[in-house]
Amino acid sequence: MSWYIIRRVLQLIPVFIGATLLVYFLVFSLPGDPTAAICGERGCTPAVEAALREQYNLDQPFWVQYFLFIKGVLTFDLGVNFAGREIATIIAEVFPTTARLAIMALVFEAVFGILFGLIAGLRKGKIFDSTILVVSLVVIAVPIFVLGFLMQFIVGVKLGWASPTVSGAAPFNELILPAVVLGLVSFAYVLRLTRTSIIENVNADYVRTATAKGLSRRRVVTVHILRNSMIPVITFLGADLGALMGGAIVTEGIFNVNGVGNTLYRAVLNGEAPVVVAIVTVLILIFCIANLVVDLLYAWLDPRIRYA
Amino acid sequence: MRLARISKVVGVALTATLALSACGGSGEDAASNTDRPIVVDGVEPQNPLIPTSTNEVGGGAVVDLIFSGLVSYDADGVSQNEMAESIETEDAQNYTITLAEGKTFTNGEPVTAQSFVDAWNYGAAAKNAQLSSYFFESIEGYDEVSAEGSELEEMSGLTVVDERTFTVALSQPESDWPLRLGYSAFSPLPEVAFEDFEAFGENPIGNGPYKFAAEGAWEHNQQIALVPNEDYDGPQAAQNAGVTFKMYQNGSTAYQDLISDNLDVLKTVPTSDVQNFKNDLDDRWLESPYAGNQTISIPYYLENWDGEDGKLRRQAISMAIDREEITTVIFNNGRTPATEFTAPVLEGYNDSLPGSENLEFNPERAVELWEEAEAIEPYDDSEPLTIAYNADAGDHRTWVEAVVNGLKNNLDIEVSGLPFSTFAELRTNATDKTLTGAIRTGWQADYPSLYNFLGPIHATGAGSNDSVYENPEFDQALSDGLAADSVEAGAEAMNKAQEMLLEDLPSIPLWYQVAQGGWSQNVDNVEFGWNGVPLYNAITTK
Amino acid sequence: MPDMENTPKRVVAPKQPAYPIEHFVADAEDTPVVATDSATTDDAPRSQWSEAWRNLRRQPLFILSGILILAVIFVALFPGIFTNEPPNENCLLANSGGGPAPGHPLGFTQQGCDVLSRVVYGTQSSLMVGMFSTLGVLLIGGAIGAIAGFYGGWIDAILARLGDIFFALPLILGAIVVVQLPFFRENRSVWTLVVILVTFGWPQIARITRASVISVRNADFVTAARSLGVSRFSALLKHVIPNALAPVIVITTISLGTFIVAESTLSFLGIGLPPDVMSWGNDIFSAEPTVRTNPMPLFWPALALSLTVLSFIMLGDALRDALDPKARKR
């Protein structure tokens, strides 16, 4: 087991190199000259543009730029963005907020998705099952930028139950609404995954065995059915953590959360390669660890799965 | 006509507010509220807060409050003295500037002639890569210090005479040059700035009506807190206990904060709420025209749009756009149809220049013109007209779509919108002259002058000349206007130059900008300036 | 060739009357043991796939969803039958935001376009984005995930880490880069979007498939099949995949909807289909600014999208039921 973990951690190295290389290359091939973004509507003089290119190494070929970045990473100096701010400071600023938001969204989708999925699965075809299907359809069919604005308007402005925007410190209570919005689509996935898994397992032999042994229905459901239904759900949730952290562009924008998604988005629009790569690197670390944890959970959930 | 109507609406809205505030509002609340800073919407500045490297609205709004130049502009765009006591010239080329006595920076350092000369030299020198360096282009010696790779640091046209006096020599006579001096790039800098610009940009020390509330008042991506500068005594003195810029990623979010009273002033109602704000805000909104316009430019390097047939097609396009209807329906009157190339709030604006009928909606005439063009040289269908815009910001899609539909309906030609993913990509295509169709353009005035809308955009080789218009007669008319001995005479010459543009239509003016803003129940006296920015210092809490 | 009829499942569940068990079962309805156990072994052995098809045909859920999907495809292929308005024309601002009028039963958009015409003509692009993206991620992600999960070891390490790399790439970054590639820049179309969504969407399906395969590959019936001399690859194809499909089907059917919606969100972020391509996503995006004053132009494309997703979800449910030997009802 520990050998397996060590091996997985070592595998991070090629993933890191591959991902940074690819991301850096993508930013490098972004259309348009980054200095055009810095100079804005008015543009600057050619001399200023040339000076800016030199300042941010934009006049260097791809490999040199990439090498300079890697050198920076290895010496713990990530450099500065186009606004002259330390990239390390930016990362320290946005990741805690987004981590809170993502974990809250994950908890929301896990708790309600599994709970509702379980009930819907056990009562397949009943009224609850159908209602919840309609709810998931709405969540799937209406884009998050519409749902988000509507929920912000209704819950935040009209009802006044929550602040429509998140302040700088991003306290727990202000993040509830954005977390729910962020987790909505994934909630639909978790719900339907759980429901299907439950339906698959409800007739399994071990359930009958357990029932035959005289175990209470509650115990059969929670320990036997649920536990064995969790593998696809856990897999989804593990992968989703990474997506929630990096892909919350729309939700963070709507609720004015100063987080990873938006910082990444703006950096991409401005062609700020070092910022994009630095953020992506942290994201890779996060979900490689999440994936490892998920893989280890498989063995716990299903004793037949072994890692050597 | 339309302007008059809109101003009236503003008037009504304002009087209603005043009336309401007069009878409403209990005394106790008002007292406890007055030491509270007002919260206004902002955008995270993209550069350190150094006047010459601030070229976007986010940083501009803050820099304008913490720095004061020689002059500033009042609500109508008229220059008023700030640091200057007098700006004198006899030939519109050599200026003698005398500073007022007793002006200081917030660290106690006096504002001297050297503070200005050093700041301007720093801003112009290529080695400092200041984004707004081109503002100093008129000054003698600019060409040398701003040349690529130049290590020079001082412009020969700037000379310090004594503590309070310096002279400026321009490379050619320009009668509207003093008008430009209210732009933030012309602000003075204290000595401490030159020690460490990086640190200074993070915690700037200025001489304006406001200053940073404390060291580190700029909480990135969250807010910038400003408090009144007690040492400031000028025309823009603060009437409130401070201004806090709250940073927003998009306008709709700011709007939601406004209608739930978490934000005091919103300077631009987002497109998504243009249909709602008049209901949501009762009478707490205004529509105030400002010096900005929206145009589409069609490059001359495109075969279909060059030559005599190209000119006729440009006129046909222009006449096939129903500006009135689009501004009413899409913007809910948040724009006014354009009649020329500048903006109505400017001195010298004339809405009935010869040729302005080319900007009037006239679908029958448009079809005729198109057919005339066809007779000269048939339209190459393989390159249908596109209107390029950037889709990452600014919300251009809706109006571009409306213009496209109008052209399709009225001219029966193939037209489509062409979104570019990023602003950088759009600009790079324009600069490299690789556009395949028209491009959305527009201009916000840096300083209140007709020339600012004409020279930088349509002069041969100018930086923002996206249509690559080259007309020596037009260039000559501009030079004549600059050399005129008064601003009035200059404006007349500028309008002569505009007549050529109205005939040639290198770009097609669509509409003038109107600021649609709103405020919360907690503030009063909200007015917008000539450039569409609220007069923050005049806003009061209640 | 052994198939499910001979798997150890049947051995563990001995053929005996269900009644004695009844005493211990709380709710017979929830655990329809009878149904499973009443299966007969008289039929000639069939492959699991043909067995599934036989089951599928009889399900009302399948028939209903099949009809719905065929209807949507029909609209996509022959939009002209359903509306008299030509596509992308006659948008008059004078009609902006107007309600239903003669000849325009669903009213008008903010740009004054006929809503019905836009929804009908938008079906094709939206359905293509949804179906081809789903197909793409299913083929690529499914294959990679199944191989990684089944073979394990270094194959798993390489494939799973490859998925990690792609998963880490921000979709928006990739999308902006892909959109400007010379090939796509000239004709930005549905296919551009499909390429983007598949390139950045396959790792999710891969991970789910891998997990599902891992949990099935050690099952007794796979071991049994292998010990009977079935090759590894054949065991993967015939025994593992059919039993690992359920979660994949769920993810796939939902993804179909999220892909169609993703097009809208990409437009919101500035990289979707160009405005002159008609699609539900484009319509939803264009209608968003007026959602408070005139929600109907947003409602209709969203409804069309919901119905499409619903029919695919029902199809997925039916397929899953048909493939599952345990839940099979005769």
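The values are calculated or read from the model by the stated rules, or taken from the named source; none is laboratory data. Owing to the predicted nature of the structure, the values given are computational and were not obtained by experimental measurement. Counting neighbours? That spans all protein chains shown, and the Cβs are built from the backbone with ideal geometry, glycine included. The protein model used for the area step is the full one, side chains on, heavy atoms only, and it has no ligands, DNA or RNA in it. Shrake-Rupley method; radii C 1.70, N 1.55, O 1.52, S 1.80 Å.
Not counting ligands, DNA or RNA, and with a 1.4 Å probe, what is C:HIS239's accessible surface area in Å² rounded to the nearest 10?
10 Å²
Could you tell me whether chain A comes out rounded, prolate or oblate from its Cα gyration tensor? Rule is a ≥ b ≥ c as square roots of the eigenvalues, rounded for a/c under 1.5, then prolate if a/b exceeds b/c, otherwise oblate.
Oblate.
Give the distance, in whole Å, between the Cα centre of the range B:305-348 and the Cα centre of the range C:183-249.
Using only Cα atoms to place each centre, the spacing works out to 57 Å.
If the only charges are +1 at each Lys and Arg Cβ and -1 at each Asp and Glu Cβ, what is the size of the charge dipole of the range C:188-258 around the Cα centre, to the nearest 20 debye?
Using Cβ point charges on Lys, Arg, Asp and Glu, the range C:188-258 gives about 160 debye.
How large is ³J(HN,Hα), in whole Hz, for each residue of the range B:343-356 in order, when computed from phi with the Karplus curve 6.51 cos²θ - 1.76 cosθ + 1.60 and θ = phi - 60°, using x for Gly and Pro?
3J(HN,Hα) across the range B:343-356, in whole Hz: 8, x, 6, 7, 5, x, 5, 9, 8, 10, 5, x, x, 5.
Is there a simple number for the mean count of other chain Cβ atoms within 10 Å of the Cβ of residues in B:509-518, and what is it?
What the average comes to for B:509-518 is 0.
Label point 7 Å out from B:ASP283 along Cα-to-Cβ: which residues of the range B:325-341 have amide N under 11 Å?
Within reach of a label on B:ASP283, which here means backbone N under 11 Å from a point 7 Å along Cα→Cβ, the range B:325-341 contributes nothing.
Can you give the convex hull volume per residue for the Cα atoms of the range B:227-334, as a whole number of Å³?
Hull volume normalised by residue count: 200 Å³.
Shape of chain B from its Cα gyration tensor (a ≥ b ≥ c, root eigenvalues): rounded if a/c is under 1.5, otherwise prolate when a/b > b/c, or oblate?
Note, shape of chain B comes out oblate.
What is the dipole size for the protein assembly as shown, taken about its Cα centre, with +1 at each Lys and Arg Cβ and -1 at each Asp and Glu Cβ, in debye to the nearest 20?
So the magnitude is around 10320 debye.
Could you please state, rounded to a whole Å, how far the C-alpha centre of the range B:101-116 is from the C-alpha centre of the range B:468-542?
Spelled out, the Cα-based centre of one part sits 32 Å from the other.
Considering amide H positions built from the backbone, and no H for Pro or chain starts, which residues 5 or more places from B:GLY532, or on another chain, come under 5 Å of its amide H?
Residues meeting the amide H criterion: B:ALA291.
Just how much of A:VAL223 is accessible, in Å², when a 1.4 Å probe is used and the result is rounded to the nearest 10?
Spelled out: A:VAL223, probe radius 1.4 Å, area about 50 Å².
Using the structure shown, select from A:LYS126/C:LYS238; B:LYS211/B:LYS246; B:LYS311/B:LYS408; B:LYS267/B:LYS496; B:LYS127/B:LYS211; B:LYS127/B:LYS433 the pairs with a Cα to Cα distance greater than 23 angstrom.
With Cα atoms farther than 23 Å apart: A:LYS126/C:LYS238; B:LYS267/B:LYS496; B:LYS127/B:LYS211; B:LYS127/B:LYS433.
Using only the alpha carbon atoms of the range B:303-424, find the Kirkwood hydrodynamic radius as the inverse mean reciprocal pair distance, in angstroms to one decimal.
Result for the range B:303-424, one decimal place: 15.7 Å.
Given A:GLN65, B:ILE508, B:VAL62, which one lies farthest toward the positive end of the charge dipole of the protein assembly as shown, if we put +1 on the Cβ of every Lys and Arg and -1 on the Cβ of every Asp and Glu?
Towards the positive end, the residue furthest out is A:GLN65.
Report the gain in length on full extension from B:ASP74 to B:ASP196: 0.36 nm times residue separation, minus Cα-Cα distance, nm rounded to one decimal.
Going from the current span to full extension adds 40.6 nm.
Considering only A:ALA19, A:VAL293, B:SER464, whose Cα is most displaced toward the positive end of the charge dipole of the protein assembly as shown, charges sitting on Cβ of Lys, Arg (+1) and Asp, Glu (-1)?
My answer, from the dipole projection, is A:VAL293.
State, to one decimal in nm, how far the label point of A:VAL9 lies from the label point of B:MET500, with both points 7 Å from Cα in the Cβ direction.
Placing both labels 7 Å along Cα→Cβ, they lie 7.3 nm apart.
Please state the charge dipole magnitude for the range B:412-542, taken about the Cα centre, from unit charges on C-beta atoms (+1 on K and R, -1 on D and E), reported in debye and rounded to the nearest 20.
Using only the charged Cβ atoms, the result is roughly 640 debye.
Given a Förster distance of 25 angstrom, what is the FRET efficiency for A:ALA212 paired with A:LEU296, based on the Cβ-Cβ distance and rounded to 0.05?
0.20
Order B:LYS542, B:LYS103, A:LYS71, most accessible first, counting only protein heavy atoms with a 1.4 angstrom probe.
Descending accessible area places them as A:LYS71, B:LYS542, B:LYS103.
Springs between alpha-carbon pairs under 10 angstrom, Gaussian network model over chain A: which of A:GLY43, A:GLY259, A:GLY148 fluctuates most?
A:GLY43
Pop out the ³J(HN,Hα) list for the range C:204-220 in order, Karplus 6.51 cos²θ - 1.76 cosθ + 1.60 with θ = phi - 60°, rounded to Hz; leave Gly and Pro as x.
Each residue's phi maps through the Karplus curve to give 5, 4, 4, 5, 5, 4, 4, 4, 5, 5, 4, 6, 9, 4, 9, 5, 4 Hz.
Along the charge dipole of chain A, which of A:SER197, A:PRO96, A:PHE112 sits closest to the positive end, that is, farthest toward it, with unit charges on the beta carbon of Lys, Arg, Asp and Glu (+1, +1, -1, -1)?
Checking the options against the dipole of chain A, the answer is A:SER197.
Beta carbons within 10 angstrom, averaged per residue: use that to sort the peptides B:177-184, C:209-216, A:206-213, highest first.
Per-residue mean Cβ counts within 10 Å order the peptides as C:209-216, B:177-184, A:206-213.
Whole Å is fine, so just give me how far the alpha carbon centre of the range C:110-174 lies from that of the range A:67-105.
Between the Cα centres of the range C:110-174 and the range A:67-105 lies a distance of 29 Å.
Any idea of A:ILE127's accessible area? Nearest 10 Å², probe 1.4 Å.
About 140 Å², rounded to the nearest 10.
Pop a pseudo-label 7 angstrom from the Cα along the beta-carbon direction at both A:ASN173 and C:SER227 and give the gap in nm to one decimal.
Here the modelled spin labels are 6.3 nm apart.
How well do other chains shield peptide A:271-277, expressed as the mean number of their Cβ atoms within 10 Å of each residue Cβ?
1
Provide the gained length on full extension for the span B:TYR301 to B:GLN476, in nm with one decimal, where the gain is 0.36 nm per separating residue minus the Cα-Cα distance.
Value of the extension gain: 60.7 nm.
Inside 10 Å of the C-beta atoms of B:380-386, what's the mean count of C-beta atoms belonging to other chains?
Counting other chains' Cβ atoms within 10 Å and averaging over B:380-386 gives 0.
Which order do peptides B:218-228, C:243-253 fall in by mean Cβ count within 10 Å, highest first?
In descending order of packing, they fall as C:243-253, B:218-228.
With each run of n ≥ 4 DSSP H residues scored as -39500 (n - 2.57), what mean residue ellipticity at 222 nm is computed for the protein assembly as shown after dividing by its residue count and rounding to the nearest 500 deg cm²/dmol?
-16500 deg cm²/dmol
If you line up the Cα atoms of the protein assembly as shown on their principal axes, what length do they span on each, largest first, in Å?
Rounded to whole Å, the extents work out to 114, 66, 66 Å.
Compactness ratio of the range B:175-275: Cα Rg over 2.2 N^0.38 Å, N = residue count?
Taking the Cα Rg and dividing by 2.2 N^0.38 Å, one obtains 1.32.
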